[in-house]
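Reading through the structure tokens given below for one structure.
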Amino acid sequence: MKFHLISGVALICLSGCAQDLTPPAIEAEQPPEAAASDPAAMPTNATIVETYFPRSLVEGAPEPLPQNPDARLADADVIFADAIDYAEETTSYALLIWHDGTLQLETYFPPHTEEVRSEPASMHKSVVGLVTAKAIADGLIESADAPISTWLPEWEDDPRGEITLRQLLTMSAGLAPLSYEGGAASPAVRFASGEDDTVETLLNLPLEEASAPHFHYQNTVSQLLMLVMTRALGEPYQDYLSREIWQPIGAAEAYTYDFNEEGFPRGYASFLARPLDWLRLGLLIKQDGVYDGEQIVPAEAIENMTSPSALNPNYGWQIWRGADFEAERYYNFEGIGFAALSSEPYLTDDLIFFDGFGGQRVYISQSEDLVIVRLGDSQTGWDDSRLPNAVIRALHAQD
């Protein structure tokens, strides 16, 4: 159990923390039956979730996916062969492709099925961004430009209290990242494991030394946003998400992995949902907040979430954009540390996507009427443009 716990923390750090800075290797004493040379002994994004406790339910109300079967392509496995091949090469669990009003491809790679709920890494950030946009539209939050001291009285007389909600949403809060010095005993790893008091850790984050506002993607910023939201909503995040978004889109039950028994969820990772329900979120955003003919989230909220931010045109409110080509997409303004790779520009200029470390993705294009979901093992060499471009090329070949 000790090995799985430490390995799980390492996986969470890689899946959710690698964008802060690339952490050093985390060494763990391993029992003989869990030798590192045995791949079956190492946790994956699918198996590690079995150790995720405490967790909270996001209650669903599952309904069939609304679609037009008359628009379904014949021989989808042949048409999307290149996309399927890449999914197989990268040890995927699920590959779903929605186009032209219907689910054109729904592939699960054995032993995984439609019920797989794996670690999606930072894709949870985009769910938190969506919830925040909805809460603003609902009037629970007056403005994205409100100072966060509105909900953090601990910072009422502190310069950090002047940080706005928008700056949290767009990763431009100016807070210093946690250090990885010390390996398993470092502040960053202790934060990911929940060993330290999470709220205390967040409230002790110092400001960065950089003088000018800048983009710096950090898990602690998303977790601070989650803290603000748990106070602003006036009810558990899981309950608001369930009632206002999750049940209205016909999703099945999902779970958050929590820092404590009180249900404070990891807002930067570990939202456990089925692949089909990630697809439903993609459809909701693609359709400007409409799902199955009902306006679930105001279109203005979706626009706010998906528009380019002031300091990074490829980032919105906790969601990524593909408008400007970046062969190496860094997660900070200095261009250091880990970078997501793209072999070529996207074949559509309106691509937006949920980005979880190592290729956990929901790709969305309104102009192509396209949503792609890929969940699987994390791949440090994931090519961000290969899968969506393979799908778009296949679709254009049918025209």
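For the range 187-211, residues that are of a type in the set (A, V, I, L, M), modelled with pLDDT of 95 or more and open to solvent by 10 Å² or more (accessible area, probe 1.4 Å) total 3.
Could you list, in sequence order, the residues of the range 378-387 that are more than 15 Å from the chain's Cα centre (by Cα) and either assigned to a loop (DSSP other than H, G, I, E, B) or within 21 Å of E119 (Cβ to Cβ) (or both)? Result: Q379, T380, G381, W382, D383, S385, L387.
Results for (1) out of contact with any Gly (no Cβ under 9 Å at 6 or more places or on another chain); (2) under 30 Å from E334 (Cα atoms); (3) of a type in the set (S, T, Y), shown as yes or no for each residue.
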residue	(1), (2), (3)
F259	no, no, no
R266	no, yes, no
D277	no, no, no
L283	yes, no, no
V290	yes, no, no
A299	no, no, no
I302	no, yes, no
L311	yes, yes, no
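Among the candidates E344, E334, E326, the residue that is part of a loop (DSSP other than H, G, I, E, B), in contact with a helix residue (DSSP H, G or I) (Cβ under 8 Å, 6 or more places away or on another chain) and either more than 17 Å from I392 (Cβ to Cβ) or not polar (S, T, N, Q) (or both) is uniquely E344. Sub-7 Å Cβ pairs linking a first residue in the range 135-161 that is β-branched (V, I, T) to a second residue that is not in a helix (DSSP H, G or I), at least 6 apart or interchain, are I136/A144; I148/I163; I148/T164, ordered by first then second residue. Condition (residue is without any contact (Cβ under 8 Å) to a residue 40 or more places away in the chain, open to solvent by 10 Å² or more (accessible area, probe 1.4 Å), farther than 22 Å from G316 by Cβ and not in a helix (DSSP H, G or I)) applied to the range 212-222: is it met by at least one residue? Scanning the range 212-222, I find no residue that is without any contact (Cβ under 8 Å) to a residue 40 or more places away in the chain, open to solvent by 10 Å² or more (accessible area, probe 1.4 Å), farther than 22 Å from G316 by Cβ and not in a helix (DSSP H, G or I), so the answer is no.
If you scan the range 330-389, which residues turn out to be open to solvent by 20 Å² or more (accessible area, probe 1.4 Å) and at pLDDT below 95? Answer for the range 330-389, where residues must be open to solvent by 20 Å² or more (accessible area, probe 1.4 Å) and at pLDDT below 95: F333, E334, G335, I336, G337, F338.
One residue is enough: does the range 116-139 have a residue meeting the conditions modelled with pLDDT of 95 or more, among the hydrophobic types (A, V, I, L, M, F, W, C) and part of a loop (DSSP other than H, G, I, E, B)? Yes; the residues of the range 116-139 include at least one that is modelled with pLDDT of 95 or more, among the hydrophobic types (A, V, I, L, M, F, W, C) and part of a loop (DSSP other than H, G, I, E, B). Condition test on R160, is it under 18 Å from the mean Cα position of the chain (by Cα) and open to solvent by less than 70 Å² (accessible area, probe 1.4 Å)? Taking the combined requirement at face value, the residue does not satisfy it.
The set of residues in the range 228-249 being of a type outside the set (S, T, N, Q), within 20 Å of L152 (Cα to Cα) and open to solvent by 10 Å² or more (accessible area, probe 1.4 Å) consists of R231, A232, L233, G234, E235, P236. Test D288 against the criterion of being of a type outside the set (S, T, N, Q) and in a loop (DSSP other than H, G, I, E, B), and give yes or no. In short, yes. If we keep just the residues of the range 67-115 that are in a loop (DSSP other than H, G, I, E, B) and open to solvent by less than 20 Å² (accessible area, probe 1.4 Å), which is nearest to E368 (Cα to Cα)? Checking each candidate, the answer is F80.
Restricting the first member to the range 302-314 and to residues that are in contact (Cβ under 8 Å) with a residue 12 or more places away in the chain and over 21 Å from A137 (Cα atoms), and the second to residues that are among the aromatic types (F, W, Y) and surrounded by 16 or more Cβ atoms within 10 Å (Cβ to Cβ), the beta-carbon pairs closer than 6 Å and six or more apart or on different chains are L311/F215; N312/F215.
Determine if the range 283-293 includes at least one residue that is touching a Leu at 6+ places or on another chain (Cβ under 6 Å) and modelled with pLDDT of 95 or more. Walk me through it before giving the result.
Start the filter on the range 283-293 by keeping residues that are touching a Leu at 6+ places or on another chain (Cβ under 6 Å), which leaves 291.
After this cut, where a residue has to be modelled with pLDDT of 95 or more as well, the list is 291.
Looking for residues that are touching a Leu at 6+ places or on another chain (Cβ under 6 Å) and modelled with pLDDT of 95 or more, one finds at least one in the range 283-293, hence yes.
For the range 259-275, the criterion of being in a helix (DSSP H, G or I), at pLDDT 95 or above, surrounded by 20 or more Cβ atoms within 10 Å (Cβ to Cβ) and at negative phi is met by at least one residue. Within the range 52-66, the set of residues being touching a strand residue (DSSP E or B) at 6+ places or on another chain (Cβ under 7 Å) and either in a loop (DSSP other than H, G, I, E, B) or among the aromatic types (F, W, Y) (or both) comprises Y52, P54, G60, L65.
Might you check whether a residue that is assigned to a helix (DSSP H, G or I) and in contact (Cβ under 8 Å) with a residue 60 or more places away in the chain occurs anywhere in the range 202-211? If you could, list the steps in order and put the result at the bottom.
First, the residues of the range 202-211 that are assigned to a helix (DSSP H, G or I): 202-203.
Keeping just the survivors that are in contact (Cβ under 8 Å) with a residue 60 or more places away in the chain gives none.
Within the range 202-211, none of the residues are assigned to a helix (DSSP H, G or I) and in contact (Cβ under 8 Å) with a residue 60 or more places away in the chain.
Cβ contacts < 6 Å: first residue more than 21 Å from I296 (Cα to Cα), restricted to the range 251-275; second residue open to solvent by 10 Å² or more (accessible area, probe 1.4 Å) and part of a loop (DSSP other than H, G, I, E, B), any location; separation 6+ or different chain. Result? Partner pairs satisfying both residue conditions: D258/P54; D258/F264; F259/G194; E261/P54; G263/P236; L272/R117.
The values are calculated or read from the model by the stated rules, or taken from the named source; none is laboratory data. This is a predicted model, so every value here is computed, not measured. Cβ atoms come from the backbone with ideal geometry, glycine included; neighbour counts cover every protein chain shown. These accessible areas exclude ligands, DNA and RNA; they are computed on the full protein's heavy atoms, side chains included. Shrake-Rupley method; radii C 1.70, N 1.55, O 1.52, S 1.80 Å.
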